[in-house]
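Encoded as structure tokens, the structure appears first; notes follow it.
The values are calculated or read from the model by the stated rules, or taken from the named source; none is laboratory data. Predicted model only: the values in this text are computed from it and were never measured. We place every Cβ from the backbone using ideal geometry, glycine too, and count neighbours over all the protein chains shown. Please note that ligands, DNA and RNA were not included when accessible areas were found on the heavy atoms of the full protein model with its side chains. Shrake-Rupley method; radii C 1.70, N 1.55, O 1.52, S 1.80 Å.
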Amino acid sequence: MERAVKDESRGRLTKDGIRIYDSADFAGMHAAGRLAAEVLDAMADLVFPGQTTGEIDRVITKMVEDAGAKSATIGYKGYKHASCISVNHVVCHGIPGDKVLKDGDILNIDVTVIVDGWFGDTSRMYVAGKLPRKAERLIEVTHDALMLGIEAVKPGNTFGDIGHAIQSFVESHRMSVVRDFCGHGLGRVFHAPPNVLHYGRPGTGAVLEPGMFFTIEPMVNLGRPETKTLADDWTAVTRDKSLSAQYEHSVGVTETGVEIFTLSPAGKFHPTYG
């Protein structure tokens, strides 16, 4: 769900159409981001062989409702679930259902919540049972690529700097960055400019300014980067059926660098946290 749309929020827009939020708005994003991260923390104990992706989504839906928040994805372009759950070679937008997890399956769980009008969007990787070595390498590289991208976020840098940091690291490990999907602006809307590409050249693209809110969410494949979308018009898979992984944080540009809105309160952002 990374296609950007026009941001109708009030306030200053850059010449690139990117919304600049006020310093007071960071608190709203932290509240939304924290709830999204807490929901994903709770999923760590629900991912195991024999579990269904539909049951995971059911618990997510209830947690969001119990928190007095809303799911941004239920009803979005006809989508019916509070999460996307993408298993093994599914790149993104996997639909929860009757699929039963097997030992060694890896999966990305992606949630977006709305708290007092602010959107918190994040995803992370999980493993059912024992983590295979090649999957562990993929997950590690994808996680580290996200954090390197975030390190490139500071005023005066460009979105190309973010993409280059991710792409160069991933390709140095002989893996590939998916180009068919990207990060996006958010705040009081789900998707807005800019499109945050996970590849690029240093010094290109819009210049980062304090008050920009957006996601960084690299998708990394063990094989080639090409994807295809299945007949359900949601599920994207690797064309070569290689494993894929993704990590996502929502971030805000500050006067001196970056704040991450979706940090894991329980320190469970990586599946080997224990």
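At-a-glance table
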{"read-out": "Residue 129 vs. criteria in a loop (DSSP other than H, G, I, E, B), farther than 20 Å from residue 181 by Cα and without any contact (Cβ under 8 Å) to a residue 60 or more places away in the chain", "value": "no"}
{"read-out": "Criterion (among the β-branched types (Val, Ile, Thr), within 30 Å of residue 210 (Cβ to Cβ) and in contact with a Leu (Cβ under 8 Å, 6 or more places away or on another chain)) met by exactly one of 20, 56", "value": "20"}
{"read-out": "Whichever residue in region 153-184 is in contact with a helix residue (DSSP H, G or I) (Cβ under 7 Å, 6 or more places away or on another chain) and part of a helix (DSSP H, G or I) and, among such residues, is surrounded by the fewest Cβ atoms within 10 Å (Cβ to Cβ)", "value": "169"}
{"read-out": "Criterion: part of a strand (DSSP E or B) and at pLDDT 95 or above - qualifying residue of 56, 74, 85", "value": "85"}
{"read-out": "Members of region 14-32 that are under 22 Å from residue 71 (Cβ atoms) and surrounded by 15 or more Cβ atoms within 10 Å (Cβ to Cβ)", "value": "25, 28, 29, 30, 31, 32"}
{"read-out": "Count of region 245-264 residues which are open to solvent by 10 Å² or more (accessible area, probe 1.4 Å) and either in contact with a Phe, Trp or Tyr (Cβ under 7 Å, 6 or more places away or on another chain) or of a type in the set (Lys, Arg) (or both)", "value": "1"}
{"read-out": "Number of the exception - residue 65 against (1) outside any helix (DSSP H, G or I); (2) open to solvent by 10 Å² or more (accessible area, probe 1.4 Å); (3) more than 23 Å from residue 238 (Cα to Cα)", "value": "(1)"}
{"read-out": "For residue 204: the one exception among (1) part of a loop (DSSP other than H, G, I, E, B); (2) over 28 Å from residue 187 (Cα atoms)", "value": "(2)"}
{"read-out": "Members of region 62-86 that are closer than 13 Å to residue 219 by Cα and hydrophobic (A, V, I, L, M, F, W, C)", "value": "none"}
{"read-out": "Any hit, region 210-225, residues being in contact with a Pro (Cβ under 7 Å, 6 or more places away or on another chain), touching a residue at least 60 places away in the same chain (Cβ under 8 Å), within 23 Å of residue 261 (Cβ to Cβ) and part of a loop (DSSP other than H, G, I, E, B)", "value": "yes"}
